[in-house]
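Participant: Please see the structure below; I have some questions.
FYI, it's all coordinate maths here, none of it is from the lab. All values reported here derive from a predicted model rather than from experimental measurement. Neighbour counts are summed over all protein chains in view; Cβ atoms, including those assigned to glycine, are modelled from backbone coordinates with ideal geometry.
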Amino acid sequence: MASIPILKEREKHIYRKGAEPFNLTCGQHSLAGVVSQRACVFCGSRVVLYPIADALHLIHGPVGCAAYTWDIRGALSSGPELHRLSFTTDLREKDVIFGGEKKLQRALVELIDTYQPRAAFVYSTCIVGIIGDDVAAVCRQVSREKAIPVLPVHSEGFKGTKKDGYKAACEALFKLVGQGPVEQISPWSINILGEFNIGGEAWIIKSYYEKMGVEVVATMTGDGRVDAIRRSHGAALNVVQCSGAMTTLADMMQARYGTPYIRVSYFGLEDTSKALYDVAAHFGDNPAIMARTQALVRGEISAITPELQKIKAAVQGKRAAIYVGGAFKAFSLIKALRYLGMDVVLAGSQTGNDADYETLRDMCDDGTIILDDANPLELSKYIIEKQADLFIGGVKERPIAYKMGIGFCDHNHERKTPLAGYEGMLNFAREVYRSVNSPVWRFAPARAAAGKGVSPC
Amino acid sequence: MLKPSPKAPKFTVTRNACKLCTPLGAALVFKGIRGAVPLLHGSQGCSTYIRRYLISHYREPIDIACSNFSEQTAIFGGGANLKIALDNIRRQYDPEMIGVATTCLSETIGDDVPMFIREYRESCAGEDLPPMVHVATPSYQGTHMQGFHAALRAVVDQLAQGGAEAGRHVNLFPGMVSPADLRHLREICADFDLPVVLLPDYADTLDGPLWTEYQRIPEGGTSVAAIRSSGSARASLELGDVLARAKETAAGLLWKRFEVPCHRIGPPVGIDATDRMFAALAEISGRPTPENHLRERGRLIDSYADGHKYVMDARAVVFGEEDLVVGLAGFLGEIGVVPVVCASGGRSGHLAACIAERFPDHSQKGIQVLSDADFVTIETAARDAQPDFLIGNSKGYSMARRLDKPLIRVGFPVHDRVGGARLLHLGYRGSQQLFDRIANTLMAARQTASPVGYTYM
């Protein structure tokens, strides 16, 4: 095996459980010249706000940022689909020299006139601040003129990491919160935060809550609507999924409106059930909710258990590697994979923090590799060394797995299959099974070299 | 002359861009050079988004490094980051070349990248450094095609050397074509017994087999040594009508600096255009067109005869990069299909003239040319034009779906099918594949629309 060098500066972002004292560096700006799998501030804002389907999303900058994020996610809408269009001021050289404010203003006016959105988000890209555009002022002016919220999103790519983009998005969203009527809202009500309706996941989750007798005021941002977000401060509880994408908003709502929040995950049987039970427990004043939750969980689990057991028999003992954006998803995936009898040999994330990695360390078996802000070389080195049979990640990780004859499951925003909730767990298990157990891998040279496949004649 | 005639009022905003940003084109060129690592001088998102976009089409690992600007970098300049990036790339990848492309961010703050590279070279005196080629690719200037051709020019400018006498080899600049096209061009040159410097050549780096051992930089590509020799080639062949009208091109530079004779022909799609390429190769090599290609040409004409009635007077909407559109339009005209809308996000200013040259009767035929067009504009024109099919990249799918017309996928990107890298467009063989796909698409449409459902068509 050709050795893959690890940079000295990167060694402290890599931990092998059991062999060494735990001391993992994280939360830093990526090292120049390494091919980080992270994106930028803009990316963080764009993923959080993207699914709001009746809002205008205008990307202020040259064409690339808009072109690469046009309709790339599987975030579904039950109504308007404005979010699936890609709008950009497409700045040209003369705009860069003379400033883009006038173009931005014209752009906003014509888009609002044409599409009649309920609100508009204006994303700043790298050069906007540098050429000195006062985006906030343009937004204020157009907002007055058109009588809809026009919200600047301070998402210049270089001003931090993806996490700062989450924060910028939450700050923009927070300006909408508190603007709508709350009189009709039930005392047993929640907002779903950090759920983006990939493949219809928010609908699955929402249906559980409705069956439990809990009203969902706003889903942020999956299948999102501006008016729902405006009245979200009327909910009794924020239920926050995902590592950190929307914790900022939950914190802000707690500070201003006193809305408490809990953190949950909807991946895997264990975490989905825990999420629903935690919400039911929060509404202890209404024991009927808990009773309905118990019935729901029992019913859902018993409906999918037979097929899950069959899949388990087929994938048991296989080794999995996980590399995802937020570490919170990795926790759920480890549990879900263990349920299927699989071993996790690598777990990593783009944006985990100290507490996240401590949790990961505690969850993982000895020998497991834990990676922060990894790159293709490191991921390849360890999936090969650990002889993974499955890699769970996003599109950028997929070819790394396939080249070495390793199965792959897409758990990122581009997927079109819901993996959340109980039926999501079944979809996940099916996908794992279909990739890991495919007969094509016996032709893969790396598998053949390892004595697990067909050698070329 | 044929004037661009958008019927929709010109919008300030670009809606669903039919183009990508300049650094993407440059990165693609660098992927076609043996042992090269592309490095984008800008924000982390630039490289990550471009990687994701390229990987979704080629389905191969594509490492593109980034100097990863932070806020401090944007204030104090990117020199330090660039040097760290160069260092880290050398340590991790041991590259044979590093291709540095700028971004809108580094260009806007005025980074002097050639100076940074010079300083880096000086600081590494005595070390064995790979060539570091710099290209300016601010994304507010042009499209990915400008980035592509600028990178070619930069590579040749910074690497090519003259020779005492002309070599046997020919330089071939094919434009942004598929790996399958590149392989076919190599085969054609081999059949003429012409050694070829094909630039870029990502046939293997972006469409290779699975690996036995991990490859830090995928095998394949044109070597730096071969590029150096381009200054002593017996001739250059540059494919592209729009390109031929550009002020400066790689082949033009080789002519000016080293007097390498330059043949400029359109993309070899269809009989006429491919004949011109074979005539040029025959002239350069002093050999007649090889028998196997004449037979392929014969079979293509035979299939034209077999299928002509199915395609005659069909109406097509053609979109994509300007040179691809010109090549396809010429081919469509040759088989009796009317390219009623010829559209590109490019804005060289030459598209209309190139189409007019192919179709002297364009006004009778009602051919509309759209330059600097986005997909909303193209769709509006397409709706009026009542096409039978659309031909272009898969970003036209949502338009095709709304128009309820078949989309024949060609070019880049093909994100919604497998095999984008294996699509063949060029030469008699590529034309054959296009012809069969077009004829079959139209036959299938007739068959589907028939109330009878004939099994004979």
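Participant: What is the mean number of Cβ atoms from other protein chains located within 10 Å of the Cβ atom of each residue in peptide A:146-159, rounded to a whole number?
Facilitator: The per-residue average across the peptide is 3.
Participant: In the range A:388-419, which trypsin sites (Lys or Arg not before Pro) are in a loop and have at most 11 other Cβ atoms within 10 Å, using DSSP for the loop call?
Facilitator: A:LYS416
Participant: Can you tally the net charge around A:GLU183? Count Lys and Arg as +1, Asp and Glu as -1, for every other residue whose Cβ sits under 15 Å from the Cβ of A:GLU183.
Facilitator: Net charge in that neighbourhood comes out at 0.
Participant: Could you compute the FRET efficiency for A:GLN141 and A:THR114, with r as their C-beta to C-beta distance and R0 at 30 Å, rounded to 0.05?
Facilitator: Between A:GLN141 and A:THR114 the formula returns 0.95.
Participant: Partner chain Cβ atoms within 10 Å, averaged over the residues of B:55-66 - can you pull that number for me?
Facilitator: Average per residue, whole number: 5.
Participant: Shifting gears a bit: Hey, what number do you get for chain B at 222 nm if only DSSP H runs of n ≥ 4 count, each worth -39500 (n - 2.57), divided across all residues, to the nearest 500?
Facilitator: Here the helix-only value at 222 nm equals -14000 deg cm²/dmol.
Participant: Still on this model: Give, as a single signed number, the net charge of other residues whose beta carbon lies under 14 Å from the beta carbon of B:LEU129, with Lys and Arg counted +1 and Asp and Glu -1.
Facilitator: -2
Participant: Simple spin-label model, 7 Å along Cα-to-Cβ: B:GLU119 to A:ALA449 in nm?
Facilitator: Rounded to a tenth, the inter-label distance reads 4.1 nm.
Participant: Related question: Report the full-extension gain for the segment A:THR305 to A:ASP251: residue separation times 0.36 nm, less the Cα-Cα distance, to one decimal in nm.
Facilitator: Residue separation times 0.36 nm, minus the Cα-Cα distance, leaves 15.7 nm.
Participant: Residues of A:85-97, mean number of Cβ from any other protein chain within 10 Å of their own Cβ, rounded to a whole number?
Facilitator: Whole-number average of other-chain Cβ neighbours for A:85-97 is 5.
Participant: Where both partners of a DSSP beta bridge lie in chain A, what percent of those bridges are antiparallel, to the nearest 5?
Facilitator: 10
Participant: Okay, moving on. Each residue of the range B:370-382 in order: what ³J(HN,Hα) in whole Hz does its phi give by Karplus 6.51 cos²θ - 1.76 cosθ + 1.60, θ = phi - 60°, with x for Gly and Pro?
Facilitator: Computed from phi, the couplings for the range B:370-382 are 10, 9, 6, 9, 9, 5, 5, 5, 5, 5, 4, 5, 5 Hz.
Participant: Hey, another quick one. Charges at C-beta only: +1 for Lys and Arg, -1 for Asp and Glu. How large is the resulting dipole of the range B:307-449 about its Cα centre, in Debye rounded to 20?
Facilitator: 500
Participant: While we're on this one: Using modelled amide H (1.01 Å from N, peptide plane; none on Pro or chain starts), what sits under 5 Å from the amide H of B:ILE109, excluding residues fewer than 5 places away?
Facilitator: For B:ILE109, no residues qualify.
Participant: Right, another one. Assuming R0 = 25 Å, what is the FRET efficiency of B:LEU210 and A:ARG430, from their Cβ-Cβ distance, to the nearest 0.05?
Facilitator: The computed FRET efficiency comes out at 0.55.
Participant: Which one of A:MET252, A:SER186, A:ALA295 is farthest out on the positive end of the charge dipole of chain A, using unit charges on Cβ (Lys, Arg +1; Asp, Glu -1) and the Cα centre as origin?
Facilitator: Of A:MET252, A:SER186, A:ALA295, it is A:ALA295.
Participant: Using the Cβ atoms and a cut-off under 10 Å, what net charge is assigned to the surroundings of A:MET342, where Lys and Arg are +1 and Asp and Glu are -1?
Facilitator: It works out to a net charge of +2.
Participant: May I pose another question? About its Cα centre, how strong a charge dipole does the protein assembly as shown have in debye, to the nearest 20, once Lys and Arg get +1 and Asp and Glu get -1 at the Cβ?
Facilitator: It works out to roughly 1040 debye.
Participant: Could you give the length gained on full extension between A:ARG298 and A:ALA281, defined as 0.36 nm per residue of separation minus the Cα-Cα distance, in nm?
Facilitator: The span from A:ARG298 to A:ALA281 would gain 4.5 nm if fully extended.
Participant: Quick one: which residues, 5+ away or cross-chain, put their amide H under 5 Å from the amide H of A:ALA75? H built at 1.01 Å from N.
Facilitator: A:GLY199
Participant: Then there's this: Between the alpha-carbon centers of the range B:302-349 and the range A:291-365, tell me the distance in whole angstrom.
Facilitator: If you average the Cα positions of each part, the centres end up 51 Å apart.
Participant: Can I ask one more? Among B:TYR49, B:GLY231, A:HIS13, whose Cα projects farthest towards the positive end of the dipole of the protein assembly as shown, with charges put on the beta-carbon of Lys, Arg (+1) and Asp, Glu (-1)?
Facilitator: B:TYR49
Participant: What is the projected area of the convex hull of the Cα atoms of the range A:189-301, averaged over all directions, in nm²?
Facilitator: With every direction weighted equally, the projected area is 6.5 nm².
Participant: Say R0 is 35 Å: what FRET efficiency, to the nearest 0.05, do A:THR359 and A:LYS175 get from their beta-carbon distance?
Facilitator: Given R0 = 35 Å and the Cβ-Cβ separation, E is 0.60.
Participant: Taking the Cα centre of the range A:1-120 as origin, sum charge times position over the Cβ atoms of Lys and Arg (+1) and Asp and Glu (-1), and report the length of that vector in debye to the nearest 20.
Facilitator: Dipole of the range A:1-120, to the nearest 20 debye: 400 debye.
Participant: Continuing with this model, one more query. Mind listing the phi-derived Karplus ³J(HN,Hα) values for the range A:179-196, rounded to whole Hz, using 6.51, -1.76 and 1.60 with θ = phi - 60°, and x for any glycine or proline?
Facilitator: 9, x, x, 10, 4, 7, 7, 5, x, 9, 9, 9, 10, 9, 10, x, 10, 10
Participant: Toward the positive end of the charge dipole of the protein assembly as shown, about the Cα centre and with charges on Cβ (Lys, Arg +1; Asp, Glu -1), which of B:HIS169, B:GLY430, B:THR108 goes farthest?
Facilitator: B:GLY430
Participant: Non-local amide H neighbours of A:ASN238 (under 5 Å, H modeled in plane, Pro and chain starts lacking H): which ones?
Facilitator: Amide H to amide H, under 5 Å and 5 or more residues apart or across chains, A:ASN238 pairs with A:ASN191, A:TYR261, A:ILE262.
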